[in-house]
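**Q** Just dropping this structure here.
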Amino acid sequence: MSCNEILQQLRMVGTDDSFTGPEELNVDGVVVRVRGRAVLNGVSLVVSPGDRILVTGGHGAGKTILGRVMTGLQKPQEGRVMFMGRDVYAGCGVMQALRSCTGVVPQRDALILEATAVENVTGFRRGVSVRQAVSLLGDLGLDGHTAQPVSRLSGGMRRRVLLARALVHRPRILVLDEPLAGLDEHTAIRSLDLVFGYADAAGAAMVVFGADPYPFERWSMRRFELVDGVLRDYWPVFDEGEAS
């Protein structure tokens, strides 16, 4: 079911006004421990429609885990993830709503290698046409590769298939984990132009996780840094000459 259909159902069965507000995603005091270490230690983040958020951090900082927690793929040991005022991990169809309304590019290429690029983008889902998928893949520079099995595509091409899959169902929230991995600078800029253009037109929120902030500097984004399990507003450090 589409995001709109799911949200309409939830609003009909809701017993209060929780589902009538904005499609806001609220990560509240989340703690995730891995082998006794708090990879996320009281992380809070509010994602509202139209937000542009960049989360940076070193290798192993917990960026991928935070993305999984936000998209309903990993339940935290403490804290809550709320979508439209409802706890994502408490049932009541909220998990289904969040997943239907979110476009995700995971860190690893979660694709069906034997299927074609188009089949991976459509996912054989109702409401997603082959024409839409082919058009989106073409916009991402994959003309001539749409009918090829993903196993024959390069790593950079596979990232673009994932981007197309994330966009094709017109999500309200985009969660992109290292979306530019394996792309050269020209292709990265072209791909990001398309993603930002979609988000601007749809009023969609965007959360990007990346170790390197450089590719995103040409776009206006609010930046956070994940350090020692804590999510902090990023304030650049200037040397004396730059600060004066």
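**Q** Looking for whichever is in the same structural domain as Val27 (by TED's automatic domain parsing) and either in a loop (DSSP other than H, G, I, E, B) or hydroxyl-bearing (Ser, Thr, Tyr) (or both) here; the options are Asp193, Asp212, Asp143, Asp200. Which one fits?
**A** Exactly one of Asp193, Asp212, Asp143, Asp200 is in the same structural domain as Val27 (by TED's automatic domain parsing) and either in a loop (DSSP other than H, G, I, E, B) or hydroxyl-bearing (Ser, Thr, Tyr) (or both), namely Asp212.
**Q** Within segment 19-26, can one find any residue that is assigned by TED's automatic domain parsing to the domain that holds Phe224, loosely packed, with under 13 Cβ neighbours inside 10 Å and modelled with pLDDT of 95 or more?
**A** To start, the set of residues in segment 19-26 that are assigned by TED's automatic domain parsing to the domain that holds Phe224 comprises 19-26.
Subsequent filtering for residues that are loosely packed, with under 13 Cβ neighbours inside 10 Å retains 20-22.
Filter again for modelled with pLDDT of 95 or more, leaving none.
No, there is no match, as no residue in segment 19-26 is assigned by TED's automatic domain parsing to the domain that holds Phe224, loosely packed, with under 13 Cβ neighbours inside 10 Å and modelled with pLDDT of 95 or more.
**Q** Ok, one more. Working only within segment 215-232, note down all residues that are among the small types (Gly, Ala, Ser) and not in a loop (DSSP other than H, G, I, E, B). Give the steps one after another, and end with the answer.
**A** First, pick out the residues of segment 215-232 that are among the small types (Gly, Ala, Ser): 220, 229.
Those that are among the small types (Gly, Ala, Ser) and not in a loop (DSSP other than H, G, I, E, B): none in segment 215-232.
**Q** Could you run through segment 197-234 and say how many residues are more than 19 Å from Gly62 (Cβ to Cβ) and without any contact (Cβ under 8 Å) to a residue 24 or more places away in the chain?
**A** Matching residues across segment 197-234 total 5.
**Q** Here's something else I'd like to know. Where in segment 48-134 are the helices (runs of 4 or more DSSP H), entirely inside, with at least 2 residues that are assigned by TED's automatic domain parsing to the domain that holds Ala211 and buried (at least 18 other Cβ atoms within 10 Å of the Cβ)?
**A** In segment 48-134, 63-70, 94-100 are the helices (runs of 4 or more DSSP H) which contain 2 or more residues that are assigned by TED's automatic domain parsing to the domain that holds Ala211 and buried (at least 18 other Cβ atoms within 10 Å of the Cβ).
**Q** Taking segment 159-174 as the search range and keeping residues that are out of contact with any helix residue (DSSP H, G or I) (no Cβ under 7 Å at 6 or more places or on another chain) and either outside any helix (DSSP H, G or I) or in the same structural domain as Met221 (by TED's automatic domain parsing) (or both), which one is surrounded by the most Cβ atoms within 10 Å (Cβ to Cβ)?
**A** Only one residue fits best here, namely Ile173.
The values are calculated or read from the model by the stated rules, or taken from the named source; none is laboratory data. All of these numbers come straight from a predicted model, not from anything done at the bench. Cβ atoms come from the backbone with ideal geometry, glycine included; neighbour counts cover every protein chain shown.
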